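One structure below.
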Amino acid sequence: MPPIRVFVDLDEVLEDFTGAALRLHGYTRESFEKLRTPGVYDITKPLKMTLEEFNKPINEMGEAFWLGLAPLPWHRELVNLVERWVKKEWYILTSTMDYVGEESGKKKWCKRLLGRNFDRIIITKHKHVMSMPSSILIDDNPTNIYNWEGDDDYNTGEGFLFPSWGNGLYKVADHPLDTIRRNFHEYFAG
């Protein structure tokens, strides 16, 4: 089997973007989840906000918003799991949403969490262009997984949907690593 490259999403996989953004709007995750239909990815609709209204306080904070994001409880265990399977051939692959200070904040956040020499972060609006044979994307956004796996000759990677309240795996969102472990075992056993 050729060497495997694993790409790990950042927002809602390693860090708590949603919780921080909700606090800016006066919500807790618990109060928000009562408004949200489980499995629906868009968080602006249950809040009855436009994307511009949702983004405004995030942009006002700039880089400080990104630097203040809390790591999710399983972040270290997920990194260890990925490194166990592929050693150092893994990368953070995160989308940019054009927030003020987002790119610099995400890079600094990763260095703080993963070490100051960590330089394997890719920020793009086009995650699917990194898809290739023997590549895996771990992401909570079902659209990103679909585009990664594709139905053409270009996007031939494997996608592991990371369980979250905003996708179809919401029933196992409290223990997402169980699903990812199972995905790795099936991928490498197959």
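Every read-out reported here was derived from the displayed coordinates using simple, explicitly stated rules and does not represent laboratory data. Everything numeric here is computed off the predicted structure, so don't read it as measured data.
List of remarks:
- Debye log10 I(q)/I(0) for segment 1-59, one point scatterer per Cα, at q = 0.26 Å⁻¹: -1.23
- Its relative contact order, with pairs defined as Cα atoms under 8 Å and 6+ residues apart, puts the chain at 26 percent.
- Listed by chain and number, the lysines whose C-alpha is less than 22 Å from the C-alpha of residue 87, apart from same-chain residues fewer than 8 away, are 107, 111, 127.
- Extents of segment 5-189, largest first, come to 46, 37, 31 Å (Cα atoms, principal axes, whole angstrom).
- The distance separating the Cα centre of segment 28-44 from that of segment 155-190 comes to 20 Å.
- DSSP-defined beta bridges in segment 5-189 - what % are antiparallel, rounded to 5: 5
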